[in-house]
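Heads up: the structure comes next, in structure tokens.
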Amino acid sequence: TDDRLPLEFSAPLSLYVDTTPLNDRIMKGYKTQEFPALAQNGAANFDRAQARFDLGMAYLAKDLRLEAVTQFEKALAADPAYIPARLEMGKTQLSLNLPLKAVANFEAILRQTPGHAEATYQLGLAYRAQQMPERAVEYLSKAVALSPEETAYRTRLAALLPELGRLDEAIAQYRAAQALKPKDPSILEGLGTAYLQQGRLEVAIQAFKEAMGPDSGRENRYSYHLGRAYLRAKRFGEAVEQLLLATRY
């Protein structure tokens, strides 16, 4: 009624308040069954590991990670040896800052399939999340050995090696990745950063220029790195130019 307008006056007070989680919890409180009515006993089809895994991946696509983990757990309840669900559950747990649980899942995969490259790689990332760089390097190195054509494994290993003072090895890994993908800007960025840490300024500048490509006169994410390299090389005019481009980016 005109003298009682809770919606009209609550709306301005609620501007910019994120009510999505609250609404989600309230709606779930009224849920009486997992699935809506499905024809031909369709709900029974979801008792298979593959179906639960697919549903979990659909939740992940919407960034509903806790719901995804629940589905991966149900997939493993249906088939404890179903590696795709265990792998994705570990990766999702790692993204939820649950590295110990992730480690347990990746180790379970490696007991079942010792040469599983992705599980080995993810185990390295899990150890890195626990501030255990030596163990991380151990498993990332194993992943590279298991799948030498996978540049993501090499570049992640290369990014970690400088923390242990192993710059030469980092550069070697970046160079090996570059041989596989010569124009990949992220690889060139990492290579340039390693050269910069090593004090090899001219080759660092060249790597950053290659990462930028033909648009070196326009602002992009690599302008900052190139500006820092110019600054270290005391090429101040070029440094200012690139750092200004970086601020515009």
**Asked** Across the stretch 12-38, which residue is farthest from residue 73 (Cα to Cα) among those that are open to solvent by 100 Å² or more (accessible area, probe 1.4 Å) and not aliphatic (A, V, I, L, M)?
**Response** 16
**Prompt:** What is the number of the single condition among (1) part of a helix (DSSP H, G or I); (2) surrounded by 13 or more Cβ atoms within 10 Å (Cβ to Cβ); (3) under 27 Å from the mean Cα position of the chain (by Cα); (4) on the phi < 0 side of the Ramachandran plot that residue 242 does not meet?
**Reply:** (3)
**Asked** Do we find that residue 9 is part of a helix (DSSP H, G or I), surrounded by 15 or more Cβ atoms within 10 Å (Cβ to Cβ) and modelled with pLDDT under 95 in this structure?
**Response** no
**Item:** Whichever residue in the stretch 135-192 is closer than 17 Å to residue 222 by Cβ and either in contact (Cβ under 8 Å) with a residue 40 or more places away in the chain or polar (S, T, N, Q) (or both) and, among such residues, is most open to solvent (accessible area, probe 1.4 Å)
**Value:** 186
**Asked** surrounded by fewer than 19 Cβ atoms within 10 Å (Cβ to Cβ), over 20 Å from residue 157 (Cα atoms) and in contact with a Ser or Thr (Cβ under 6 Å, 6 or more places away or on another chain), is that true of residue 111?
**Response** no
**Prompt:** Filter the stretch 39-87 for residues that are open to solvent by 20 Å² or more (accessible area, probe 1.4 Å) and among the aromatic types (Phe, Trp, Tyr); which is nearest to the chain's Cα centre (by Cα)?
**Reply:** 59
**Message:** Among the residues in the stretch 96-108, are any in a helix (DSSP H, G or I), more than 29 Å from residue 52 (Cα to Cα) and open to solvent by less than 20 Å² (accessible area, probe 1.4 Å)?
**Reply:** no
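The values are calculated or read from the model by the stated rules, or taken from the named source; none is laboratory data. No experiment lies behind these values; they were computed from the predicted model shown. No Cβ is skipped: glycine too gets one built from the backbone with ideal geometry, and neighbour counts run over all protein chains shown. Areas reflect the complete protein model, heavy atoms only, side chains present, ligands, DNA and RNA absent. Shrake-Rupley method; radii C 1.70, N 1.55, O 1.52, S 1.80 Å.
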